[in-house]
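Participant: Got a structure for you, questions after.
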Amino acid sequence: MNRYPAIRPSRDEQTLRRRLRRTGVLVIGGSTAASVLMTHVSFTLFGDVEYVGSMVCAVLIPLVVASIAYTWIASLTLRLDRSRAALDRLAHEDALTGLANRRAALQRLAEWSREPGTMVLAIADLDHFKRVNDGLGHEGGDASLVHFAGVLRRLVPPTWLVARIGGEEFLLAARNLDPEDFAARIEGIRTAVAITPLITPTGPWHLTASFGIAARRDDEEPGRLMARADKALYGAKQSGRNRIERAA
């Protein structure tokens, strides 16, 4: 089974397809009209021995040739656009979980920081991940990351930013949300992770996660905000794991 669903044409690709169709009509129609006009002018000036047959050829030849040539060019254009879209996806998406990657997360946070409004951020880390790898192997470790990402995707509102920023570390961020409400949502996620086991061939495996939360201060850079959340995460780990710690 494929990890990723079939990719539907994006809005940009649909727009490109429409432009290519319009251009194709103009190219094929224009070349046909030009051929007919030149043939007509030629017979007007030099005679019309086989006028009807020549005019039919004048229509058919450019119609066929231009259609084939334009179809090939349009196909190459669409393939290049899909390749560009795929490369863009790879550059901004984590290949394992399908979430945004660190690069995409930093770009989004930078955009948010330039806009008015509040920002709250949490950094999450799966507890005892080495034990998971040791107990389930690397495939089981990957499955635990996909499982955790699935819980996040199911519970996080679509307006939030959710990303895997490295290893077993994830980032969640929201704009214009009260820090208390954000903390309550994160607590719900923490509980859901703890009570939703990863199903493995050897039986259910219970995972937990720790979270560090920070609210953005005035004009605080995203890197500094992440550093404070990361420090709070370290505090949650030191205090016993499977808990939330807020940055000072």
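Participant: Would you work out if the stretch 147-198 is rounded, prolate or oblate? Take a ≥ b ≥ c from the square roots of the eigenvalues of the alpha-carbon gyration tensor; rounded if a/c is under 1.5, else prolate when a/b is larger than b/c, oblate otherwise. All intermediate terms of the calculation are to be shown ahead of the outcome.
Facilitator: Details: a/c = 1.96, a/b = 1.30, b/c = 1.51.
Verdict is oblate for the stretch 147-198.
Participant: For the stretch 122-180, what % of the accessible area comes from carbon and sulfur atoms, probe 1.4 Å?
Facilitator: On the way: 1340 of 2630 Å².
Summing carbon and sulfur atoms, their accessible area is 51 percent of the total for the stretch 122-180.
Participant: What accessible surface, in Å², does a 1.4 Å probe find on Trp112, ignoring ligands, DNA and RNA and rounding to the nearest 10?
Facilitator: Rounded to the nearest 10, the figure is 20 Å².
Participant: Round to the nearest 10 and report in Å² the accessible area of Phe148, as given by a 1.4 Å probe over the protein chains' heavy atoms.
Facilitator: 0
Participant: For His128, His147, what's the largest-to-smallest order of accessible area, 1.4 Å probe? Before the final figure, lay out the partial values.
Facilitator: Values: His128 75, His147 40 Å².
Sorted descending by solvent-accessible area, the residues read His128, His147.
Participant: Under 18 Å from the 7 Å Cα→Cβ point of Arg241, by amide nitrogen: which residues of the stretch 146-182?
Facilitator: Backbone N within reach: 146-149, 167-170.
Participant: Sticking with this one: Per 5 Å bin from zero, what fraction in whole % of the C-alpha pairs of the stretch 118-188 is there, up to the bin with the longest pair?
Facilitator: Per 5 Å bin, starting at zero, the Cα-Cα P(r) for the stretch 118-188 comes out as 4, 16, 25, 22, 15, 10, 6, 3, 0 percent.
Participant: May I pose another question? Please find the FRET efficiency linking Asp181 to Arg22, where r is the Cβ-Cβ separation and R0 is fixed at 45 Å, and quote it to the nearest 0.05. Don't skip to the answer; put the middle values down first.
Facilitator: Numbers: r = 49 Å, r/R0 = 1.08.
Step by step, r from the Cβ atoms, then E = 0.40.
Participant: Per the Kirkwood definition applied to all pairs of different Cα atoms, how many angstroms is the hydrodynamic radius of the stretch 141-248? Display every interim value, and only then the final one.
Facilitator: Details: mean 1/r = 0.0688 Å⁻¹.
Evaluated on the stretch 141-248, it is 14.5 Å.
The values are calculated or read from the model by the stated rules, or taken from the named source; none is laboratory data. Since this is a predicted model, take the numbers as computed values, not measurements. Cβ: placed from backbone, ideal geometry, glycine included. Neighbour counts: every protein chain shown. The protein model used for the area step is the full one, side chains on, heavy atoms only, and it has no ligands, DNA or RNA in it. Shrake-Rupley method; radii C 1.70, N 1.55, O 1.52, S 1.80 Å.
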